[in-house]
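A short write-up of the structure that comes next.
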Amino acid sequence: MTNTNLGPKMLDMLTQYRAVPAMYRALTGLGAVKQCAEKDVAKILGIAPENVQHVLEGFKDWIKYAMSDFLHYTSKLLDSDEFEDSYWPRMSEEARLVTNLEPFKVDVDKITILDMGAGNAPYRKNFRAANNKSLRYIAVDKRYTRNRQVPEVKNVSLTLVCGDTESYRLAHPLPAPNVLFLANFLHCLQDIPAFFEEILPLLPELKVIKILEVKPDTALDFCFDYHMFEHSRGQRFEAEQMDSILNSLDSPSFKAESLGDYHVMLTVEL
Ligand SMILES: C[S@@+](CC[C@H](N)C(=O)[O-])C[C@H]1O[C@@H](n2cnc3c(N)ncnc32)[C@H](O)[C@@H]1O
C-alpha cells in the first residue's frame, strides 16, 4: 500500500469504528437520532433502513458490550492531557486530503483571517499557498491552554486566542479580520444562526466568509451523523441551511466548491 491510498483506507476504518455508536443509537435512540443512526447503519451494512432493526436485534448484547468498551476508552481519552495532542494532529492529517487550493484564494488586501474553532489551524498553509503572500491569522479555540503551541507556517503571523466569540471580542488589540474561516466547526454549535448574529457585529471589516465542511456521502460523512448529533443535539449543518444564514447576512448568494474527494468549501462574499 502506498501513502497515496492510505488516506482513503484510514477513512474506511474510521467509518467502521464509528459504526459501533451508530448501531447502539439505532437500537436505543429516540426520534430523529434513531432514524439518523438507522440510515448510517443501513449504509454500513448495505441493507434497507427498514431492515436495520431486525438485523441488529440478533446482535444487541454484542453491540451493547462493544459500546461500553468503546465508551470506556473514549472517556479515558477525553479526560487525558493527551487528547488535544492526538485530536488536533488527526484533524491536520485529514486536512492533507484537500487537493484543490483554488477555493482558498481570497481577493482582499492584507489578508487577515479569523479561524473560529481552529484546533491546530491546519488550513493556514492552504491559504498561504493559494494566495502567495504573507497573512495574518487569528486562531480561536475554546480548548487552547495558556502555553498551547501549534506548528508554525512560514509567512503566516499567528495569534492564538483561548475561548470563543466573547474571548475574541475581549482580546484587544487584534487586527480586524477581513476573512472569517470556519473549518469543521459549525456542527459543534447548538444554534448556528445565533453564532452568526453574535460574531458578525464584531467584524466590521469582514469581506468573505469561508466554511469548510465534510461532503455528504463520503467515507468521512458516513457515520458522522452520530457525531454531529452528539455535538449539536440534532442540528446538522447542511448547505441548504446557508439560506437562512444568508437571509440574516443580507447576502445574495454563496458558492460551493469541491476541495477534493472529501471536503467542500462554501464561500460567501459580503
Ligand atoms: C472538529 S474540530 C475542527 C478543528 C479545525 N478547525 C480543523 O478543521 O482541523 C472543532 C474545534 O472547535 C472547537 N470549538 C468547539 N466549540 C467551540 C466554541 N464555542 N468556541 C471556540 N472553539 C470551539 C473545538 O475545541 C475543536 O478544536
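Tell me, yes or no, whether the stretch 50-61 has at least one residue that is modelled with pLDDT of 90 or more, of a type in the set (S, T, N, Q), in a helix (DSSP H, G or I) and farther than 20 Å from Asp12 by Cα.
Among the residues of the stretch 50-61, at least one is modelled with pLDDT of 90 or more, of a type in the set (S, T, N, Q), in a helix (DSSP H, G or I) and farther than 20 Å from Asp12 by Cα, which makes the answer yes.
Please find, among Leu174, Leu180, the residue that is outside any strand (DSSP E or B) and more than 12 Å from the ligand (Cβ to nearest atom). Write out each step before concluding.
Working: Leu180 fails: outside any strand (DSSP E or B).
Result: Leu174 is the single residue among Leu174, Leu180 that is outside any strand (DSSP E or B) and more than 12 Å from the ligand (Cβ to nearest atom).
Note down all Cβ pairs under 8 Å where the first residue falls in the stretch 120-135 and is assigned by TED's automatic domain parsing to the domain that holds Leu259 and under 15 Å from Pro175 (Cβ atoms), the second is in a helix (DSSP H, G or I) and within 12 Å of the ligand (Cβ to nearest atom), and they're at least six residues apart or on different chains.
Every condition considered, the pairs that remain are Leu135/Arg124.
Report, ordered by the first and then the second residue, all pairs with beta carbons closer than 6 Å, sequence separation of six or more or different chains, a first member in the stretch 189-200 that is not assigned by TED's automatic domain parsing to the domain that holds Gly117, and a second member that is within 10 Å of the ligand (Cβ to nearest atom) and in a helix (DSSP H, G or I).
Sorted first by the residue in the stretch 189-200, then by its partner, the list stays empty.
Restricted to the stretch 121-165, and to residues that are closer than 17 Å to Ile209 by Cα and assigned to a strand (DSSP E or B), which residue is nearest to the ligand (Cβ to nearest atom)?
Val140
Is it true that some residue in the stretch 162-174 is more than 27 Å from Glu102 (Cα to Cα) and acidic (Asp, Glu)?
The initial filter retains those residues of the stretch 162-174 that are more than 27 Å from Glu102 (Cα to Cα), namely 162-174.
Filter again for acidic (Asp, Glu), leaving 164, 166.
Yes, some residue in the stretch 162-174 is more than 27 Å from Glu102 (Cα to Cα) and acidic (Asp, Glu).
Please verify whether the stretch 103-112 includes one or more residues that are part of a helix (DSSP H, G or I) and within 15 Å of the ligand (Cβ to nearest atom). So that I can check it myself, show each step before the final result.
Let us first name the residues in the stretch 103-112 that are part of a helix (DSSP H, G or I), namely 103-104.
After this cut, where a residue has to be within 15 Å of the ligand (Cβ to nearest atom) as well, the list is 103-104.
Yes, some residue in the stretch 103-112 is part of a helix (DSSP H, G or I) and within 15 Å of the ligand (Cβ to nearest atom).
Just checking, which of Asp85, Asp69, Asp81 is assigned to a helix (DSSP H, G or I), of a type outside the set (S, T, N, Q) and within 16 Å of the ligand (Cβ to nearest atom)? Quick ask: steps written out before the conclusion?
On the way: Asp69 fails: within 16 Å of the ligand (Cβ to nearest atom); Asp81 fails: assigned to a helix (DSSP H, G or I).
It is Asp85.
All but one of (1) within 11 Å of the ligand (Cβ to nearest atom); (2) more than 17 Å from Asp141 (Cα to Cα) hold for Ile199; which doesn't?
Among (1) within 11 Å of the ligand (Cβ to nearest atom); (2) more than 17 Å from Asp141 (Cα to Cα), the lone unmet condition for Ile199 is (2).
How do the pairs read when you match residues in the stretch 67-92 that are in contact (Cβ under 8 Å) with a residue 40 or more places away in the chain with residues anywhere that are within 13 Å of the ligand (Cβ to nearest atom) and among the small types (Gly, Ala, Ser), using Cβ under 7 Å and keeping only pairs 6 or more apart or on different chains?
Trp88/Gly119; Met91/Gly119
What pairs come up if the first residue lies in the stretch 157-170 and is of a type in the set (Phe, Trp, Tyr), the second is away from the ligand (no atom under 13 Å from the Cβ), and their beta carbons are under 9 Å apart, counting only those six or more places apart or on different chains?
Tyr168/Leu174; Tyr168/Leu202
Residue-by-condition table, conditions (1) at pLDDT below 80; (2) surrounded by 14 or more Cβ atoms within 10 Å (Cβ to Cβ); (3) in contact with a Pro (Cβ under 7 Å, 6 or more places away or on another chain):
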| position | (1), (2), (3) |
| --- | --- |
| Val153 | no, yes, no |
| Asp164 | no, yes, no |
| Ala171 | no, yes, no |
| Gln190 | yes, no, no |
| Leu212 | no, yes, no |
| Asp217 | yes, no, no |
| Cys223 | yes, yes, no |
| Lys255 | no, no, no |
| Gly260 | no, yes, no |
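The values are calculated or read from the model by the stated rules, or taken from the named source; none is laboratory data. Worth saying up front: this structure is predicted, and the values here are computed from it rather than measured. Cβ: placed from backbone, ideal geometry, glycine included. Neighbour counts: every protein chain shown.
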